[in-house]
Each structure stands twice: as C-alpha cells, then as structure tokens.
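Read-outs throughout are calculated quantities, based only on the coordinates presented, and are distinct from any laboratory measurement. Keep in mind the model is a prediction, meaning the values are calculated, not measured. Heads up, the Cβs are rebuilt from the backbone with ideal geometry, glycines too, and the neighbour counts pull from every protein chain shown.
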Amino acid sequence: MYRAVEHFLDSPDNVILGLNAKWNPLKGVSLYGQFVMDEFKLSEVKKQSGWWANKFGAQFGIKYINVLGIDHLDLQFEYNAVRPYTYAHRDTLRSLSDYSIANYSHANQPLAHPLGANFRELLCIVRYKPINRLYLQARALMTTYGADRPGENWGGNILAPLQTIEQDYGNVIGQGIKTKVAALNLDISYEVFHNYFIDLQGMWRKTKTDITKDQHYIGGGFRVNIANLHYDY
C-alpha cells in the first residue's frame, strides 16, 4: 500500500507489514493481537538458523471485563516478543553514520515499543472501581531484553544501522547483555469533581543483569482534564 511513498523516498525495498486482529468470543472477553514482519526468508526459518534478517514480532492479549460478574473489575494479560534488528534499517547520512534514518521511530523514539526490539515481556493489569469516584489499577511486568555494550549492536537499538550487526546467524531474543526486569505498580485515583483527580502512585522495579538494581518510587499529584499516563520503563 505504501510502495509509492517508498519510491518517492528513494527506498527500493524498505517494507514493514503489519496485522492487527481482535475477537470477542464471549460477552466481556476480548482476544487481541498484532503481528509485524520486516523481512522474512522461509528457508532460514525452517533451518532455525537465527538469521539476522528474519525480523518479526508478535503480540497476544486477552481482556476480561467484569470478572466473575463483579462490576468494574477488569483483568488483562498480554505477551509481546520482537526479534533482534526488527524495525531497524541500513540508510544513513554522511554526517550521522552511526544512526539509521529509515528506522521505525519518531524523534529518536521507537514507535512500536519502548524497548525497540530484541525483547520478550509478559504484562498483567488489574483495574477496579469499587465506588463511583475511586479508581484502582495494579500492573505487573516481567521482561527480558538484550542490551548493548559500547560499540556493539545486538539488535535492540533500532536507531543503529544494519551495517553494524554482530553476526549473521545464531541471533536469538535476549542476546547481548541479557537483562531481566520485574516491576509492580499500584495507582489510586479519586475524582473529587468532574475531571479533577487526586492521584497516589507506588512502584517497585528490579533490574537483573551483571548486577542487580532495585528502584522504588512513591508519588502523587493533582490532575485537571489530563489523562493519567503510565511509564513502566
């Protein structure tokens, strides 16, 4: 669908294909998912060679509204995985040889996921509204991704050009510096007046790599006509 745009940008083959699907099999239950494919070679997939250019990712999720008939109690599970070097490209500028200018990003931020690529994660969200003006949300996140040492490119940083890949074969999710993250978040919001909220937030986050780091956060605020955005990374 976008070939005309690509030719206008002098790119002969930079194509990303995506599929988005949703199905409501039962009342209150929603299954959803996405699949993205940047490059694909079936023969290499069959050989399970870990070829760097087989770049694809997937998302699978389920939402359960009014769990067990409890009003305003919602449950969500989601799994995401993206292979190394997905969303990256080779085009660079002479003045910026270390950065690709044709990757799937905006303002140097990944458009698809904050981790870019080379990761897998599991997310659980529980939302509950016990009374009319009180909103509760708990989130648990577990993710594994591969980080880069200085001067290396193991496929997580989508801004790095494809000329700098580390190896042609044997690429797997989490390669590089294998990093595991576990995070728990609790958000409480009370609507004092219409679109006037008092917020309390708590977070515990543990990062495990060569060393283990724990981060803790407790915060609060007052919102007027502003969405309550969540940043897990």
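Some observations on this one:
- Three-way shape label, the chain, alpha-carbon gyration tensor, a/c 1.5: prolate
- Based on every Cα atom in segment 124-220, Rg and the maximum pairwise Cα distance Dmax equal 19.4, 58 Å.
- Here's the list of lysines a cross-link from LYS22 could span, going by alpha-carbon distance under 22 Å and ignoring same-chain residues fewer than 8 apart: LYS63.
- Of LEU136, ASN118, VAL224, farthest towards positive along the dipole that unit charges on Lys, Arg, Asp, Glu beta carbons give the chain: LEU136
- Ranking of PHE197, PHE35 by count of other Cβ atoms within 10 Å, fewest first: PHE35, PHE197
- Hz values of 3J(HN,Hα) by residue in segment 119-129 - Karplus curve (6.51, -1.76, 1.60), Gly and Pro given as x: 8, 9, 8, 10, 10, 10, 10, 10, 10, 8, 10
- Förster-model FRET efficiency, 22 Å R0, LEU229 and CYS124, C-beta, rounded to 0.05: 0.70
- Between segment 126-160 and segment 64-123, the alpha-carbon center distance in angstrom: 10
- Three-way shape call for segment 145-195 based on the alpha-carbon gyration tensor, with the a/c threshold at 1.5: prolate
- The chain, dipole about Cα centre (Lys/Arg Cβ +1, Asp/Glu Cβ -1), debye to the nearest 20: 600
- Here LYS27, LYS208 are placed in order of increasing Cβ neighbour count within 10 Å, fewest first, which gives LYS27, LYS208.
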